[in-house]
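Working notes for the structure below.
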Amino acid sequence: MVKTINRASTIGLYLAGFCLIAMMLIITAEVIVRQFFNFSFYVVDEYSGYLLVALVFFGVGHSFSTGSMIRVTFLRDAMSSGVRNTLSIVFSTLCLLYSVILAFQYARLIYSSYSRGIGSAFSGTPTYIPQISMTIGMIILIGVIAYCLVTNFGEPKSLDASIEERTKEY
């Protein structure tokens, strides 16, 4: 199970990287085409927005698993380890519940967009296509948070480090 979560988190990281590179390429192409050929693709703003959302959602699971999400550590550092551990469990549980609700709502949004045939007003892109990245990213995040809750008492810890620790135990 740990390897599956780690693999999903890593795939999400690579997809986020791909989105970043694709966004950079389409924006660069738009700038060059506008500057030298007095032409525009007209959809670069829209597609770069879709790619930005995908980048964030694909990368959030890996960010949580490595402990690189934004945290207010000056308060945590002043607490005793018992209070810190309790707060980590409480906040991670709340984060897990919120993530499950969001994933469910994003799945409903995809179904609604698909069943109604909703598309972008300008490019005509079906909106359910970019919305899929939000649900996939939330599912990856749910797996990572659940793993951290079960094994690390809510503390984000690198999944790679957890795998190495588990293999040393055997």
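The values are calculated or read from the model by the stated rules, or taken from the named source; none is laboratory data. What you are looking at is a predicted structure, and each value in this text was computed from that prediction instead of being measured. Here the Cβ is made from the backbone with ideal geometry for all residues, glycine too, and neighbour counts use every protein chain on show. Remember, those area values only see protein heavy atoms, side chains included, never the ligands or the DNA or RNA. Shrake-Rupley method; radii C 1.70, N 1.55, O 1.52, S 1.80 Å.
Observations, loosely collected:
- The spacing between segment 37-89 and segment 1-29, judged by their C-alpha centroids, is 13 Å.
- The order of LEU94, LEU149 by accessible area, most exposed first and with a 1.4 Å probe, is LEU94, LEU149.
- Ordering of 28-35, 42-49 by packing [mean C-beta count within 10 Å, highest first]: 42-49, 28-35
- Using the Cβ-Cβ distance between TYR111 and ARG71 with R0 set to 45 Å, the FRET efficiency from 1/(1 + (r/R0)^6) comes to roughly 0.85.
- Only the Cβ atoms of Lys and Arg (+1) and of Asp and Glu (-1) were treated as charged; on that basis the dipole of the chain about its Cα centre amounts to roughly 260 debye.
- MET79-MET1 FRET efficiency (beta carbon distance; Förster radius 22 Å; 0.05 resolution): 0.10
- The chain: DSSP helices with Cα axial extent of at least 24 Å and average Kyte-Doolittle hydropathy no lower than 0.0: 2-37, 44-65, 81-116, 128-152
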